[in-house]
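Notes follow the structure.
The values are calculated or read from the model by the stated rules, or taken from the named source; none is laboratory data. Treat the numbers as computed from the prediction; the structure is a model and nothing was measured. Glycine gets a Cβ as well: all are built from the backbone with ideal geometry, and neighbour counts include every protein chain shown. What goes into the accessible areas is simple: the full protein's heavy atoms, side chains included, and nothing from ligands, DNA or RNA. Shrake-Rupley method; radii C 1.70, N 1.55, O 1.52, S 1.80 Å.
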Amino acid sequence: MSRLSRDPQKEAAERGRNRIVLAMAVFSAIYLVIAGRLVTLGMAEERPNVAYQTAQEEVSAARPDIVDRNGEILATDLSTASLYAEPRRVLDVDEAIESLSTVLPDLGSATTRRRLASDAGFVWLKREITDEQRKRVHSLGVPGIDFLTENRRFYPGGALAGHVLGLVDVDNAGIAGLEKYIDDHGLAALHAAGMARTGEDLAPVRLSLDIRVQHAVRDELSRAMERYQSIAAVGIILDANTGEVMAMSSLPDYDPNDPSEALEADRMNRATAGVFELGSVFKTFTTAMALDSGKVSMSDSFDASRPIRIGGYTIRDFHGMGRALSVPEIFIHSSNIGTAHMALSVGIESEKEFLGRIGMFEPVQTELPETAQPILPPRWSEIAAMTISFGHGISVSPMHAAVAAAALMNGGNLIPPTFFPRTRSEALKLAKPVVSPATSKAMRELFTMNAEKGSGKNARVEGYRVGGKTGTADKVVNGRYAHDKRRNSFLAAFPMDDPQYVVLVMLDEPKPEPGKYYATAGWNAAPTVSNIVRRVAPMLGVPPKFDEPEAKTLLVSYDDH
């Protein structure tokens, strides 16, 4: 049987056709798999990026504008861009970092590398970048990099009312001052409930501050610090009849647009969060206590002819008169000896009760979270009672003194201070009587006399009857009083025929002016109050009077030192 011969060329062509068919089948299968996968991906729901959604919800939350009593904007929200990444979509981490760092050099860090190399669905890279930075990053076209628009808090006045307004964190949440108060009293709850996401949802928050008055107070404090080379200063203006804070400044302060400044210890809010020995300013409260007790009258006299020696300590007068002094003379001459005798005549327990009555034992309650607990003596002994009578041995905040003084000026009602508008009728519902109207009248007379005949003469302003009491307190350094470092205050009210406002100025470590030897409060704190009143009285609607009556003599003999 013979074998059939096959054509080699035909066999080669057939094998070629088979290979082509096989290759086409393989590629068709691959394409079918890819097409099927694309169809599956197209039909499937995209996995939600929970981290991105959470961030988007948080940054969209808005805050209300804060305005002063006249509607001037003190704080508002601005829209700003923030840079984020979706690491799962970043194709080349090194290339992304190299590109981004050409615009934002701080993104060339190991931290950025760890974030981009992670498996997270969303990470922040840089919050609150400028429009120019946004444009430049966008032009890079880096995959997985994008922007979210969020709210950034802006304070048009900068540091002008920093301690009052407070500040917010990078998530626009209040962390200090009235910004924190607003969060704690409803805003945070609204945000948690998914409400108040835009500024239009929120009414402005109106304050009691008058920003014109605030500017004048801060400006005069700044001038005083420079003039007297002080290291710090405080100024407060309080409506004596409503408790409204019209202005409050503590220098050095901080600009809430730059939150890092608030971390510096020297920029603390000394007005409400600092407590200090206020020196002779405290004689105001001792005198009111004595008169209100009924045990002392304006015509009474106390021996101030010699120092008091007790428990190894000696109480002296700065300018001793060397004789018995009447109550008005004790006040005007600022006699430590006479004040100590007057306090003891009333009694230690009565002193404690009175100071507690006018709020000196508890933090001042305002809307600000920054408040301080007064420092009291561990044992209220006889010597403690005497030194406290003239402002040593007890430390309170400047706001304590202003609030208590308002009660002595307004007829006797202690009214809690507020940074929000309040009417007189609303204030009266909150008021607590602490001294009689007769005591209040006597204290107004003493304030007036001290400004006209005593240490407060440099606080006088033509057309406005300014009255008050000076205080010069030696500071404690290494556990001992340093006679070359003092904290000076002037506690004032105006107009004294019907006090509307209380003004307190405190200067920390003022120095004598060139050519002068004294640096006591009458030479620096009192003139600073004068400058403030001269500027703010017209703003506050207080009309000048140029037919002022002379202060009553009230058993006073005054030798001008």
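Points worth noting:
- In Hz, Karplus ³J(HN,Hα) per residue of segment 201-215 (6.51, -1.76, 1.60; θ = phi - 60°; x = Gly, Pro): 7, 10, 7, x, 9, 9, 9, 7, 4, 10, 5, 5, 5, 4, 5
- Less than 5 angstrom separates the built amide H of Val461 from those of Val466, all sequence-distant by 5 or more or on a different chain.
- Helical contribution to [θ] at 222 nm, DSSP H n ≥ 4, -39,500 (n - 2.57), averaged over the chain, rounded to 500: -11000 deg cm²/dmol
- Count Lys and Arg as plus one, Asp and Glu as minus one, and take only other residues whose Cβ is under 14 Å from that of Ala324; the net charge is then -2.
- Taking all Cα-Cα distances within segment 128-256, those exceeding 23 Å account for 51%.
- Label zone at Glu362 (point 7 Å along Cα-to-Cβ), backbone N below 17 Å, segment 431-450: 431-435
- Within the chain, percent of DSSP bridges classed antiparallel, to nearest 5: 95
- Full extension of the chain segment joining Lys485 with Ile310 gains 60.5 nm, where the gain is 0.36 nm per residue of separation less the Cα-Cα distance.
- Spin-label zone in segment 333-350 - amide nitrogen under 19 Å from a point set 7 Å from the Cα of Ala324 along the C-beta vector: 333-346
- Net charge over other residues, Cβ less than 11 angstrom from the Cβ of Ala385 (K, R count +1; D, E count -1): -1
- As a calculated quantity, the FRET efficiency between Glu513 and Leu91 at R0 = 60 Å, using C-beta atoms, amounts to about 0.30.
- Hydrodynamic analysis of segment 54-213 uses the Kirkwood radius over alpha carbon pairs. Inserted into Stokes-Einstein at 37 °C and 0.692 mPa s, it gives a translational diffusion coefficient of 189 µm²/s.
- More than 18 angstrom apart: percent of Cα pairs within segment 182-251: 57
- Across segment 316-363, the volume of the C-alpha convex hull divided among the residues equals 99 Å³ per residue.
- In plain terms, the bigger the Kirkwood radius, the slower the diffusion; for segment 128-184, with that radius from Cα pairs, at 37 °C and 0.692 mPa s, Stokes-Einstein puts D at 242 µm²/s.
- The relative contact order of the chain, computed from alpha carbon pairs under 8 Å that lie at least 6 residues apart in sequence, is 14 percent.
- Per residue, in Å², the accessible surface of the chain once ligands and nucleic acids are set aside, probe 1.4 Å: 48
- Note on segment 77-202: dipole from Cβ charges, positive end direction compared against Ala173, Leu100, Leu160; the farthest Cα belongs to Leu100.
- Cα-centred dipole magnitude for segment 300-385, charges only on beta-carbon of K, R (+1) and D, E (-1), debye, nearest 20: 420
- Rh (Kirkwood; distinct C-alpha pairs) - segment 305-416, Å: 15.4
- The Cα center of segment 360-418 and the Cα center of segment 450-492 differ in position by 17 Å.
- If R0 is taken as 30 Å, the Cβ-Cβ distance between Trp124 and Ala203 corresponds to a FRET efficiency of 0.45.
- Calculated Rg and Dmax of segment 384-496 using C-alpha coordinates, Å: 16.1, 48
- Taken along its principal axes, the alpha carbon cloud of segment 287-336 reaches lengths of 32, 22, 13 Å, longest axis first.
- Estimated at 0.36 nm per residue, the fully extended path between Glu98 and Ala193 surpasses their Cα-Cα distance by 30.1 nm.
- Only Lys, Arg (+1) and Asp, Glu (-1) charged, at Cβ; segment 136-233 dipole about Cα centre in debye: 320
- From the C-alpha gyration tensor of segment 222-288, square roots of 5λ in Å: 25, 16, 12
- For the chain: Kirkwood Rh in Å [reciprocal of mean 1/r, alpha carbons]: 27.8
- Sites listed here are chymotrypsin sites (Phe, Trp or Tyr not before Pro) in segment 238-334 whose DSSP assignment is loop and whose Cβ has at most 16 other Cβ atoms within 10 Å: Phe318.
- Candidate cross-link partners of Lys485 among the lysines, defined by an alpha-carbon separation under 22 Å and a same-chain spacing of 8 or more, comprise Lys283, Lys469, Lys475, Lys511, Lys516.
- Dipole magnitude (debye, nearest 20) for the chain, charges at Cβ of Lys, Arg, Asp, Glu: 700
- Cα centroid separation, segment 67-121 to segment 279-342 (Å): 65
- Its residue count N sets the reference 2.2 N^0.38 Å, and the alpha-carbon radius of gyration of segment 87-158 equals 1.19 times that reference.
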